[in-house]
Amino acid sequence: QVQVVESGGGLVQAGGSLRLTCAASGTFFSLAVVGWYRQAPGKQRELVADMFTGGSTNYADSVKGRFTISRDNARKTVYLQMGSLKPEDTAVYYCNVRFGSINVWGQGTQVTVSS
């Protein structure tokens, strides 16, 4: 059974930084597309950033230049380094790992940015 577990969320002041970590299981991890999504209250879940096996990345326009996604295939871990945080970044952040028909979500980690 494939699982992903996020950690690293918390409360931070505007302008601060946080690093989210996603630990995954499964032998296919190095072949998977990995991503971070977020969902704010009353809003739909949206892509924050994702990374393909070759290292190419996509970022939401709202986080470009502030957030960086990275992965460590040996550790089966995905990171999201978040900087210059804004109150509008407040949301539950979810890790996603997908490979073929496998599409796994974590339970989410809360990020709250105070003004």
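The values are calculated or read from the model by the stated rules, or taken from the named source; none is laboratory data. This is a predicted model, so every value here is computed, not measured. Note that we place each Cβ from the backbone using ideal geometry, even for glycine, and neighbour counts take in every protein chain shown. Just so you know, the surface numbers come from the protein's heavy atoms only, side chains and all, with ligands and any DNA or RNA stripped out. Shrake-Rupley method; radii C 1.70, N 1.55, O 1.52, S 1.80 Å.
Numbers at a glance
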{"quantity": "For GLN3, residues with placed amide H under 5 Å, excluding near neighbours", "calculated": "SER25"}
{"quantity": "Rounded to whole Hz, the Karplus (6.51, -1.76, 1.60) HN-Hα couplings of region 70-80, x for glycine and proline", "calculated": "8, 9, 10, 5, 5, 8, 6, 9, 10, 10, 10"}
{"quantity": "GNM top mover of VAL97, VAL33, VAL48 - the chain, alpha-carbon springs below 10 Å", "calculated": "VAL33"}
{"quantity": "The chain: most fluctuating residue of SER17, SER101, SER25 per GNM, C-alpha cutoff 10 Å", "calculated": "SER101"}
{"quantity": "DSSP bridge orientation in the chain - percent antiparallel, rounded to nearest 5", "calculated": "90 percent"}
{"quantity": "Span from the region 97-115 Cα centroid across to the region 38-86 one, whole angstrom", "calculated": "10 Å"}
{"quantity": "Residue-normalised accessible area of region 23-62, given per residue in Å² at a 1.4 Å probe", "calculated": "53 Å²"}
{"quantity": "Local electrostatic count, GLY35, Cβ distance below 14 Å [Lys/Arg +1, Asp/Glu -1]", "calculated": "+1"}
{"quantity": "Solvent-accessible area, 1.4 Å probe, carbon plus sulfur percent, for the chain", "calculated": "48 percent"}
{"quantity": "Max mean-square fluctuation residue, GNM over the chain, Cα-Cα springs under 10 Å, options ALA49, ALA14, ALA74", "calculated": "ALA74"}
{"quantity": "LYS86 accessible area, assembled protein chains, probe 1.4 Å, Å²", "calculated": "80 Å²"}
{"quantity": "Karplus-derived HN-Hα couplings along region 81-96 (A = 6.51, B = -1.76, C = 1.60, θ = phi - 60°), whole Hz, x at Gly and Pro", "calculated": "8, 10, x, 6, 5, 10, x, 6, 7, 4, 4, 8, 9, 10, 8, 10"}
